[in-house]
């Protein structure tokens with residue numbers, strides 16, 4: 001199993017295909033949510049994933065949140081094999097990459113409500129009431145850079 005962290009231009013065609021394939025399988029098919037996954041944000045994101053034999057096991061992307069200075073947003077977090085710790089591993093790698101490579105002071109994400117506990121274990125705190133995103137309940141969550149006070 002290999003952990004990868006790449007910018008969009010560094011992705012091979014095969015890596016991009018596999019990333020888009022698993023995102024579609026999880027978010028569009030499994031969650032029955034029709035939305036335009038290739039949204040232009042990928043072009044300016046840092047892509048973090050675990051791969052084994054050409055198959056993505058867990059994935060997320062990091063990008064600068066437009067309206068907030070020194071804030072990096074985490075999105076499209078997924079795992080294709082649940083209960084094996086792949087999601088936690090890719091999330092920790094994403095947090096580290098955001099802080100070290102993107103100098104993030106604050107990390108921001110919009111979590112599906114069922115996953116709140118998963119993100120809280122990584123130091124995130126709920127920062128909003130629940131809201132619907134594509135018909136699925138979500139909350140905004142934030143995390144300050146390691147060593148800083150809580151938000």
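In table form, for the structure just shown:
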| read-out | value |
| --- | --- |
| In nm, spacing of pseudo-spin labels at residue 37 and residue 103 (7 Å Cα→C-beta vector) | 3.4 nm |
| Overall dimensions of the stretch 19-89 by Cα: Rg and Dmax, Å | 12.8, 38 |
| Protection proxy ranking of 8-19, 40-51 - average other beta-carbon atoms within 10 Å, highest first | 40-51, 8-19 |
| Share of Cα-Cα pairs in the chain lying beyond 18 Å, as whole percent | 56 percent |
| Cβ crowding within 10 Å averaged over residues, with 27-38, 59-70, 86-97 ranked highest first | 86-97, 59-70, 27-38 |
| Residues in the stretch 77-106 reached by a label modelled at residue 70 [backbone nitrogen below 14 Å; 7 Å Cα→Cβ] | 99-100, 102-106 |
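All of the numbers you see were taken from the coordinates with simple rules; none came from a lab. None of the values given here were measured: they were computed from a predicted structure. Reconstructed Cβ throughout: ideal geometry from the backbone, glycine too, with neighbour counts over all protein chains shown.
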